[in-house]
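The values are calculated or read from the model by the stated rules, or taken from the named source; none is laboratory data. Since this is a predicted model, take the numbers as computed values, not measurements. We place every Cβ from the backbone using ideal geometry, glycine too, and count neighbours over all the protein chains shown. With ligands, DNA and RNA removed, areas are computed over all heavy atoms of the protein, side chains included. Shrake-Rupley method; radii C 1.70, N 1.55, O 1.52, S 1.80 Å.
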Amino acid sequence: SKSETHIVYFSNCKIKKPELSLKVIDKYKNDIKKNLLLIDDPNFWNIDDLKKISETDKFLVYRDLKINQRIEIVKNIMAEFPKSFSLFGDEWKDYFQNTHKTIMEKKKVQNIYCGNICLDLGSASGSLSLYPRSIDIIESGGFLIQLRQTDSKKIFNEYEEFFTFKNIEEFKEKVRMLLDDNSLFNEQIKLLHNNFKSSKLLIEKQLDKIL
């Protein structure tokens, strides 16, 4: 039955360079909360105090901002869907009580993705819709709901609204609809898989050109 559908999220959440990034996290946390896409806006990195950071350190700060954003988003989802949300990853136990250990066996992870709503907040090292985790979700038969990435429009085309969100309210609304409506869930997951097949071809063509 539909009530067994869960929201699942697998990731790590360790801030790697606190000595560099905590000041930035603290200073911009409210701006980032208001605009979840801010970290991937090039203009954000042109702000005076961020401009001064070396390119290497900038990448480390970027990654930690992304990780911190994960923690904030998960906190929100946990509060809204306490019974339907399953969180996987050893590091999460430092922040929340009801978490699951990291699962190393790929097959087990794929079984959990299958038929569930799979949250994806993007890679911590860049903004791409299709990268190993999101591809794995789709290929395992999971319903991907992803924080909007810089190439979302290109990858999801006219279905971008179904599979991406740009703020927490939008995520909650989409998930409530999917949890309540089995046929909507099945209809949209079919679209996701068909769209993915054509996106995959597009990416393979792009790789051919590069290689």
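Some notes on this structure:
- Candidates in region 166-182 are the residues that are without any contact (Cβ under 8 Å) to a residue 60 or more places away in the chain and open to solvent by 80 Å² or more (accessible area, probe 1.4 Å); of these, the one that is nearest to Leu37 (Cα to Cα) is Glu169.
- Options Phe163, Phe143, Phe185: the member that is open to solvent by less than 20 Å² (accessible area, probe 1.4 Å), in contact (Cβ under 8 Å) with a residue 60 or more places away in the chain and closer than 20 Å to Ile77 by Cβ: Phe185
- Candidate set from region 1-16 (those that are open to solvent by 70 Å² or more (accessible area, probe 1.4 Å) and in a loop (DSSP other than H, G, I, E, B)); member that is modelled with the lowest pLDDT: Ser1
- Selected residue (criterion: nearest to Ile7 (Cα to Cα)) from residues of region 35-75 that are in contact with a strand residue (DSSP E or B) (Cβ under 9 Å, 6 or more places away or on another chain) and assigned to a helix (DSSP H, G or I): Val74
- Reported count of residues in region 46-76, each being touching a Leu at 6+ places or on another chain (Cβ under 9 Å) and either basic (Lys, Arg) or open to solvent by 60 Å² or more (accessible area, probe 1.4 Å) (or both), is 3.
- Selection of region 8-58 for residues being under 11 Å from Gln69 (Cβ atoms), of a type in the set (D, E, K, R) and in contact with a helix residue (DSSP H, G or I) (Cβ under 8 Å, 6 or more places away or on another chain) yields Lys29, Lys33.
- Scanning region 94-101 for any residue that is touching a Leu at 6+ places or on another chain (Cβ under 6 Å), in contact (Cβ under 8 Å) with a residue 12 or more places away in the chain and among the polar types (S, T, N, Q) turns up at least one such residue.
- Filter result for Leu22 (more than 21 Å from the chain's Cα centre (by Cα) and modelled with pLDDT of 95 or more): yes
- Of all the residues in region 17-31, those that are open to solvent by 90 Å² or more (accessible area, probe 1.4 Å) and either on the phi > 0 side of the Ramachandran plot or part of a loop (DSSP other than H, G, I, E, B) (or both) number 0.
- Scanning region 130-140 for residues that are in contact with a strand residue (DSSP E or B) (Cβ under 7 Å, 6 or more places away or on another chain) and touching a residue at least 40 places away in the same chain (Cβ under 8 Å) yields Arg133, Ile138.
- Listed by position, the helices (runs of 4 or more DSSP H) inside region 110-211 whose residues that are more than 19 Å from Ser84 (Cα to Cα) and modelled with pLDDT of 90 or more number at least 1 are 132-139, 152-156, 160-163, 182-210.
- If the condition is being open to solvent by less than 60 Å² (accessible area, probe 1.4 Å) and more than 14 Å from the chain's Cα centre (by Cα), then region 77-90 contributes Met78, Phe81, Ser84, Phe85, Ser86, Gly89.
- Subset of region 32-44 [farther than 24 Å from Met177 by Cβ and open to solvent by less than 60 Å² (accessible area, probe 1.4 Å)]: Ile32, Leu38, Ile39, Asp40, Asp41, Phe44
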